[in-house]
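Single-structure report; data block below.
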Amino acid sequence: MDTLSEIPGDRTAARFAYASAGVGVVGVATLGAMYAIEVPKQGPYIFGTINDVTGGIFHLISIPVIVQVHRRLRRTPGSDAAIWLVIAASAAGSASSFLLVFKKLDFTASTGISIGAMAVQAGWFLLAHRALLKSGEYPRDLAKLGQAIGGAVVAALPIAGLAAVEKAPAWIRWGVGGAGIAAGAAAWVAWPYWYLRAARHLSHRG
């Protein structure tokens, strides 16, 4: 299936999806600028702060999009629990970003919560889009992209965690762990593109 059958709420969700795509691009750009410019100089972290703000906004405005896509799945107790888990994780990720901006939460704790929220969203992307792809009632391009992004992040996060194991050999930390970081980063960079594609489908403009 190449088009999406319209259900109530699609066009509103499309506006949130367009906003998520735009904010996501700003997030990717500012994070890249922070590591390229500010980290080597050890601050000041202007791009870093902008990235934290955009991260908080992104987690919030992506919720209506995820909920609208989730409505196309068959309702089961597990499915209902899953969407509430995604909503809660997204809200927690947003809160952690804003608390970091206002210096009410330290960087390590905020990063941990944000990564947890990302992992939950990625798990939903993988499982939901796998089911939607099988249903035949959802655009195949969007389902394949969502499944690929979710699967890449889910697989990459534990591998990337090896880079933080200080006692591990260098080839494991920076070889295997570095590959995980690269794969996860590539999937994360592609995330705004999924929201752009979702916005186009949800807007039903042909």
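Rule-based calculations on the coordinates, nothing more; no lab input. This structure is a prediction, so every number in the text was calculated from the model and none was measured. FYI the Cβ positions are ideal-geometry reconstructions off the backbone, even for glycines, and counts take in every protein chain you see.
PRE reach from ALA81 (point 7 Å along Cα→Cβ): which of region 113-136 fall under 17 Å by backbone N?
Answer for this model: 120-121, 123-124, 127-128.
How would ASP2, ASP52 line up from fewest to most surrounding beta-carbon atoms within 10 angstrom?
Details: ASP2 8, ASP52 25.
Final ranking by Cβ density, sparse to dense: ASP2, ASP52.
Over region 26-172, what is the mean sequence separation of C-alpha contacts under 8 Å (at least six apart), divided by residue count, expressed as relative contact order in percent?
Values: 136 pairs, mean separation 25.3, N = 147.
Computed over region 26-172, the figure is 17 percent.
What is the distance, in nm, between label points placed 7 Å from the Cα along the Cα-to-Cβ direction at ARG15 and at ALA170?
5.5 nm
Give me the distance between the Cα centres of region 65-89 and region 10-36, rounded to whole Å.
When both Cα centres are located, 22 Å separates them.
Express the Stokes-Einstein translational diffusion coefficient of region 1-79 in µm² s⁻¹, to the nearest whole number, given a Kirkwood radius over alpha-carbon pairs, 20 °C and a viscosity of 1.002 mPa s.
Values: Rh = 14.6 Å.
Translational D for this selection: 147 µm²/s.
For the chain, what is the mean residue ellipticity at 222 nm derived from helices alone (per DSSP H run of n ≥ 4: -39500 (n - 2.57); sum divided by total residues; nearest 500 deg cm²/dmol)? Don't skip to the answer; put the middle values down first.
On the way: 7 runs with 150 residues, N = 206.
For the chain, the value works out to -25500 deg cm²/dmol.
Can you tell me what the convex hull of the Cα atoms of region 10-203 projects to on average, as an area in nm²?
So the Cα hull casts an average projection of 11.4 nm².
How many angstrom separate the Cα center of region 189-203 from the Cα center of region 128-188?
The distance from the Cα centre of region 189-203 to that of region 128-188 comes to 18 Å.
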